[in-house]
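Worksheet: the structure to be examined is printed underneath.
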Amino acid sequence: MKTNVNRKAGFTLIELLVVIAIIALLVGILLPALARARASARQLTCSTRVRNIVQACVTWANSNKEQYPLPSIIDRNNTTLPPSANPATNPSPAKDNTGNILSVLIWNQALVPEVVVSPSEVNSSIRQDNEYKFQRPTVTGSPNDGTQANWDPQFSGSIGDTNRRVPSAGIGNTSYAHAPALNVRSNARLSRWSNTFGSNEAVWGNRGPQFASPATYSSTTYGTAATNPLANNGSWTLATGATGATSNTLLIHGGRQTWEGNIGYNDGRVNFENRADPTEITYRRASATSSNNATLPDNFFVNELDETNPVGTTFLSGTNNFLQIWSNVLTVSTTETVSATFFPD
């Protein structure tokens, strides 16, 4: 009598290798597509966050004579930050930095701390403030216990802020740069810090790298340039080093050598720009003549010399776009000569 034994058929080694090869091929095809999809989703979320910040400023302006937040005016009674030890050389506009501006909007519940950090942030020292104090914040040096504060002054706009919550850690709480909001007469760009509906006026956006010649950089004149380079169709060259060619800002939405990012304008729209000087956003170059009548692409992160700023000795002189994260603002004389620290990343 014969017994029939049913044996289960299995993969041969060759068949198994073929299956593995097919799976590896599919993974190789799908992973880049998934990575692009994730990057696109982060970019869209980042765009929404820039729009939220712009809209928060507009909402504030609707109740404040069309002016975006100016902490120096809001805290004129010094209940949030102490007055300067020497008001003649360091008056209240020193309060008008990125951290205080965003903290005002968070305090008034127009924003939450999460919104002011990009989902594409690549700098580990920039992170959400999970300790924001909506009641009785620490106001060291102010003549009260925090009960009359107008915002949490320890919210950090920049890693370089001296009044941040954890000074030794070097932590910043926002990814986004903005137009100069210093409340001094010498700030030619202050008019843009309001609800103007200007379609070419960049007011908030992803921060950017430093650019090279003919620009010069220092704590007080960062970005000042004699002209926008006319060679290479007027395109800018990245500065060398960690704040230029290898800047963290290039990796937020762009590539290893190019900046891309979300820019919010005063008309309420947010554009994803694929270069720091888009051709449709222009300025008129200083000292233009009939033979040199140049209207050039405006670099968001460079203080080019325009027709209103032929000298260009400070970053407040021009009226073209200039977005930075601002900290350690200091008025160094009664003539309102202002210095500030720009956050190079």
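The values are calculated or read from the model by the stated rules, or taken from the named source; none is laboratory data. Remember, predicted model here, so these are calculated numbers, not experimental data. Cβ atoms come from the backbone with ideal geometry, glycine included; neighbour counts cover every protein chain shown.
Determine the pairs where a residue that is more than 16 Å from Val50 (Cα to Cα), located within the stretch 268-283, has a partner that is of a type in the set (Val, Ile, Thr) with Cβ atoms under 7 Å apart, the partner being 6 or more residues away or on another chain.
Thr282/Thr295
Which residues, counting only those in the stretch 279-316, are at pLDDT 80 or above and either at positive phi or touching a His at 6+ places or on another chain (Cβ under 6 Å) (or both)?
Within the stretch 279-316, none qualify.
This table checks each residue for (1) over 18 Å from the mean Cα position of the chain (by Cα); (2) at pLDDT 90 or above.
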{"position": "Thr147", "(1), (2)": "yes, no"}
{"position": "Gly170", "(1), (2)": "no, no"}
{"position": "Tyr176", "(1), (2)": "no, yes"}
{"position": "Ala188", "(1), (2)": "yes, no"}
{"position": "Ser191", "(1), (2)": "yes, yes"}
{"position": "Glu201", "(1), (2)": "no, yes"}
{"position": "Ser219", "(1), (2)": "no, no"}
{"position": "Asn232", "(1), (2)": "yes, no"}
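When both residues are 6+ apart or on different chains and their Cβ atoms are under 7 Å apart, which pairs have a first residue that lies in the stretch 20-35 and is closer than 20 Å to Leu251 by Cβ and free of Cβ contacts under 8 Å to residues at least 24 places away in the same chain, and a second that is exposed (fewer than 10 other Cβ atoms within 10 Å of the Cβ) and not small (Gly, Ala, Ser)?
If the second residue must be exposed (fewer than 10 other Cβ atoms within 10 Å of the Cβ) and not small (Gly, Ala, Ser), no pairs are left.
Restricting attention to the stretch 251-288, and to residues there that are touching a Phe, Trp or Tyr at 6+ places or on another chain (Cβ under 6 Å) and within 12 Å of Ser47 (Cα to Cα), which single residue is surrounded by the most Cβ atoms within 10 Å (Cβ to Cβ)?
Gly264
Just to verify a result, which residue in the stretch 1-58, among those that are at pLDDT 80 or above and of a type in the set (Lys, Arg), is nearest to Gly264 (Cα to Cα)?
This residue is Arg51.
Looking for whichever is among the polar types (S, T, N, Q) and modelled with pLDDT under 80 here; the options are Thr334, Thr319. Which one fits?
The conditions single out Thr334.
What are the pairs with Cβ atoms under 6 angstrom where one residue, in the stretch 110-124, is at negative phi and assigned to a loop (DSSP other than H, G, I, E, B) and the other, located anywhere, is surrounded by fewer than 19 Cβ atoms within 10 Å (Cβ to Cβ) and among the aliphatic types (A, V, I, L, M)? Sequence gap at least six, or different chains.
Val122/Leu251
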